[in-house]
Structures are given as structure tokens and as C-alpha cells.
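The structure under discussion appears below in the form of C-alpha cells.
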Amino acid sequence: MPVIHLLVLGAVRQHGRAHGYQVRNDLEQWGAHEWSNAKPGSIYHALKQMAKQGLLLAHEVAPSTAGGPPRTEYEITQRGDEEFLSLLREALVSYDQKMDTLSSGVGFIVSLPREEAVALLKKRIEGIEAWRRSVTEYYTPEDGPEQLGHIGEIMHLWVHSADAGAEWTRGLIERIEGGAYTFAGEGEPVAAVVSEDEENRR
């Protein structure tokens, strides 16, 4: 799954209209440049690519009074919004993904209705548990990793990772069901965006 597409579409969507520097600042504020491929070159490339694909609409904006060349602001299209929501749902459900995928999904989870977010996370747990069962067909955690030699440590890591992932997801579900955060349809969500004239403090 193209994580950079989810991150960039989500950042543009939060602003309504945004230029590349704003998107870059938002994602750097999240630290996304450290845990994903959201580097400056990738961000600007994704913006141009998705504009060509019809997922974003590019607006040429007149230069500022301080001078400089015209810049491009981007606005998400209906197709782009559909793609964003599709990528977001996939990121929250799929267990066999890298950490940057889940991190991106959690970053935009409040873009969904609360009930849908909970349902997707519960589906994620089902996937984790099914994957864990497939591992334990060949490996019995209670017998310890030594049963398979040092290769057993790999199985031990996988089972531990699955258990930790399920525990974390259950905790998130509990917080959401307890009323944490503002989700779509519940009012104005808290959007972690940097205003146009505000410098990223990271």
C-alpha cells in the first residue's frame, strides 16, 4: 500500500487547500519523515503524481507580495477523497503491514465515524488472531523458543508481536468507545496541521 499517498491525501484534506510546504510541515510535525518514506522529495513527487491521476486538483497561486515564483496549491477531489478513505480503512484493518501503514492510519482515524473506526479495529484484531493461530500450528509458545533451536526465536518474536498488537488495539478500542477524540460527524475534529505562516517546531 502506498503510505505516502495516504499521508499526503490526508494532509491536503485536513487543510482544504494546501501547498507542498504546508503538507511537508504537517508530516514533519508528526515525525512521519522518521517512520515512513515521507521525505521532501517523495512528498512533492506524490503531489504532482496524484494531481495527474485526478486525485488532487492543482491551483496556480499568484506569488506573494514579497516576490518569488507562483506556487501550486492542491485540493482533494472526490476521487481523491474516495482513495483516501479506502487507503485509511485498509491501513486500520490489515495486520500484515509495516508499522508506517498503521501509524498513518491511526493519524487519520478520526476522519471516519466512531462506530466504523471501532469496527475496523475489531476486524484488525480478528486478523491478528488468525495470523497467530497459523504460526502456532507449528510452534507452541508455552514450550519456549528452544523447541525449534534458535529459529524458534523468530516464531517467538512473531507471537509476541501479535499479542502486543492485539493488546494495543484493544486498548485503543476501549478509549474510543469511552468517548476519546472527536470523530467524523461529531463536530470539528482537532486537526494536527501547521498553519501557512507557522514554522514546524520539531
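With a cut-off of 12 Å, note down the residues of segment 3-32 whose backbone N falls inside the zone around a label point 7 Å from the Cα of Thr72 toward its beta carbon.
Under cut-off, by backbone N: 19-21.
Size of the dipole of segment 80-150 about the Cα centre, Lys and Arg at +1 and Asp and Glu at -1 on the beta carbon, nothing else charged, in debye to 20?
Computed about the Cα centre, the dipole is about 160 debye.
Size of the dipole of the chain about the Cα centre, Lys and Arg at +1 and Asp and Glu at -1 on the beta carbon, nothing else charged, in debye to 20?
In debye, rounded to 20, the chain gives about 560.
Pull up all non-local amide H partners of His19: gap of 5 or more, or a different chain, and H-to-H distance under 5 Å with H placed in the peptide plane.
When sequence neighbours closer than 5 places are left aside, the close amide H contacts are Tyr74.
What are the lysines whose alpha-carbon lies under 19 Å from the alpha-carbon of Lys48, with same-chain residues fewer than 8 places away excluded?
Once the sequence-local lysines are set aside, what remains near Lys48 is Lys39.
Is there a quick way to get the dipole size of segment 112-177? I mean about its Cα centre, with the Cβ of Lys and Arg at +1 and of Asp and Glu at -1; what is the value in debye to the nearest 20?
Here the size comes out at about 340 debye.
At 222 nm, what value in deg cm²/dmol follows for the chain if DSSP H runs of at least 4 each add -39500 (n - 2.57) and the sum is divided by all its residues, to the nearest 500?
Using -39500 (n - 2.57) per qualifying helix, the result is -18000 deg cm²/dmol.
Which angle between 0 and 90 degrees, to the nearest 10, do you get for helix 78-93 versus the longest principal axis of the chain when only C-alpha atoms count?
20 degrees
Once both axes come from the Cα atoms, what is the angle between helix 20-29 and the longest principal axis of the chain, in degrees from 0 to 90, rounded to 10?
Rounded to the nearest ten degrees, it is 40.
If each residue's Cβ is checked for other Cβ atoms within 10 Å, how do Leu85, Leu157, Leu92 rank with the fewest at the top?
Leu157, Leu85, Leu92
With loop defined by DSSP as not H, G, I, E or B, and exposure as at most 15 other Cβ atoms within 10 Å, which is the longest segment of the chain clear of exposed GluC sites (Glu not before Pro)?
No qualifying site falls inside 1-136, the longest such stretch.
For Rg and Dmax of the Cα atoms in Å, the choices are (i) 18.5, 60; (ii) 16.5, 48; (iii) 20.1, 71; which was calculated from the structure?
Of the listed options (i) 18.5, 60; (ii) 16.5, 48; (iii) 20.1, 71, (iii) comes from this structure.
May I ask you to evaluate 6.51 cos²θ - 1.76 cosθ + 1.60, the Karplus curve with θ = phi - 60°, for each residue of segment 33-46 and list the ³J(HN,Hα) values in order in whole Hz, giving x for glycine and proline?
Karplus-based 3J(HN,Hα) across segment 33-46 equals 5, 9, 10, 9, 8, 7, 8, x, x, 5, 5, 5, 5, 5 Hz.
How would you classify segment 3-91 from its alpha-carbon gyration tensor, with a ≥ b ≥ c the square roots of the eigenvalues: rounded for a/c under 1.5, else prolate if a/b is greater than b/c, otherwise oblate?
oblate
Considering the chain as a Gaussian network with a 10 Å cut-off on Cα pairs, which listed residue, Arg114, Arg175, Arg24, attains the greatest mean-square fluctuation?
Arg175
Picking from Ala180, Leu112, Ala162, whose Cα lies most toward the positive end of the charge dipole for the chain (charges on Cβ: Lys, Arg +1; Asp, Glu -1)?
The Cα lying farthest towards the positive end belongs to Leu112.
Only the coordinates and a few stated rules stand behind these numbers; no lab work does. Predicted model, so just to flag it, every value in this text is computed and none were measured. No Cβ is skipped: glycine too gets one built from the backbone with ideal geometry, and neighbour counts run over all protein chains shown.
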